[in-house]
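Take a look at the structure below.
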Amino acid sequence: MGNKVSTFTPEQLEAYEDCTFFTEKEILRIFSRYQGLAPDTVPYDMTGKEAQTVRIPHAAILNMPELKENPFKEQICKVFSEPESGQMTFEEFLDMFSVFSESAPRDVKAVYAFKIYDWDGDGHLNKSDLRATLLKLTQEGLTEDEASFVVDKVLEEADLDDDSMLSFVEFEHVISRAPDFLNTFHIRI
């Protein structure tokens, strides 16, 4: 019979459910994870603009068990935060988890994978982007010659218009032939 304090308004929760691949219960669980990363910064009551304005530190996100060992953790934080500071609002954090959820469709995952692998942000995966991605995937375990060989082979196979880079459409075509993509591009909550 006490006063129950709500973290979000019913309208906020409904909007989050509409914009993500999560249920209300999952959204609240993700908020609990978010708040736990910076309990002194994140208020319990997010019924105002807090979900869009309160930011948790970049370092706290990077140290999450789900990202801590991910070679792309810096790039992931950059892609999901505005203005690419790595600090995240709850809504950005929720978007990140939504894209990496098992329920997110392949096409949504492909869009974000492309953004993560597009290191220079120019809208194409050029040789430099592909090399950086390859070196992250192999934990810098290739020589320069080996990396160049693999990048050249990728472009030979996937660069359909012979412009020495991959467009999103070309990247999406590669992803469609990668059966493990959906299994590797997710984070469990």
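The values are calculated or read from the model by the stated rules, or taken from the named source; none is laboratory data. Note that the structure is predicted; figures quoted are calculated from it, not measured. Neighbour counts run over all protein chains shown; Cβ positions are idealised from the backbone, glycine included. Only protein heavy atoms, including side chains, enter the accessible area calculation; ligands, DNA and RNA are left aside. Shrake-Rupley method; radii C 1.70, N 1.55, O 1.52, S 1.80 Å.
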Anisotropy class of the chain from Cα gyration tensor, a/c 1.5 cut: prolate
Once phi is turned into θ = phi - 60°, what whole-Hz ³J(HN,Hα) does the Karplus curve with 6.51, -1.76 and 1.60 give for every residue of the range 124-135, x standing for Gly and Pro? 9, 9, 8, 4, 5, 4, 5, 5, 4, 5, 4, 5
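Mind checking the dipole of the range 60-172: about its Cα centre, +1 per Lys or Arg Cβ, -1 per Asp or Glu Cβ, Debye to the nearest 20?
Computed charge dipole of the range 60-172: roughly 540 debye.
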Cα gyration tensor shape for the range 3-111, rounded if a/c is under 1.5, else prolate or oblate: oblate
Under unit Cβ charges (Lys, Arg +1; Asp, Glu -1), what dipole magnitude, rounded to 20 debye, does the chain have relative to its Cα centre? 1000 debye
Where the centre of each part is set by its Cα atoms, how far does the range 1-51 sit from the range 119-183, in angstrom? 38 Å
Given a 1.4 Å probe and the protein chains all in place, what does the accessible area of residue 166 round to, in Å² to the nearest 10? 0 Å²
Show which lysines lie in cross-link reach of residue 25 when reach means a straight Cα distance below 17 angstrom and same-chain residues fewer than eight apart are skipped. 4
Span per principal axis, largest first, for the Cα atoms of the range 92-189 (Å): 39, 30, 26
Collect residues whose amide H, placed 1.01 Å from N in the peptide plane, falls under 5 Å from the amide H of residue 166; neighbours closer than 5 in sequence don't count. 125, 126
How much of the accessible area of the chain, probe 1.4 Å, is carbon plus sulfur, in whole percent? 52 percent
Each residue of the range 18-28 in order: what ³J(HN,Hα) in whole Hz does its phi give by Karplus 6.51 cos²θ - 1.76 cosθ + 1.60, θ = phi - 60°, with x for Gly and Pro? 5, 9, 10, 9, 10, 8, 4, 4, 5, 4, 5
What accessible area per residue, rounded to a whole number of Å², is obtained for the chain using a probe radius of 1.4 Å? 57 Å²
Straight-line reach from residue 73: which lysines have a Cα under 22 Å away, not including same-chain ones fewer than 8 places off? 109, 115, 127, 136
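Residues with beta-carbon under 13 Å from that of residue 30, excluding residue 30: net charge, scoring Lys, Arg +1 and Asp, Glu -1?
-3
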Name the most mobile residue of 149, 80, 171, meaning the one with the largest mean-square fluctuation, in a Gaussian network model of the chain with Cα contacts below 10 Å. 149
Karplus 3J(HN,Hα) series, Hz, for the range 176-182 with 6.51 cos²θ - 1.76 cosθ + 1.60 (x for Gly, Pro): 5, 9, 9, x, 7, 3, 5
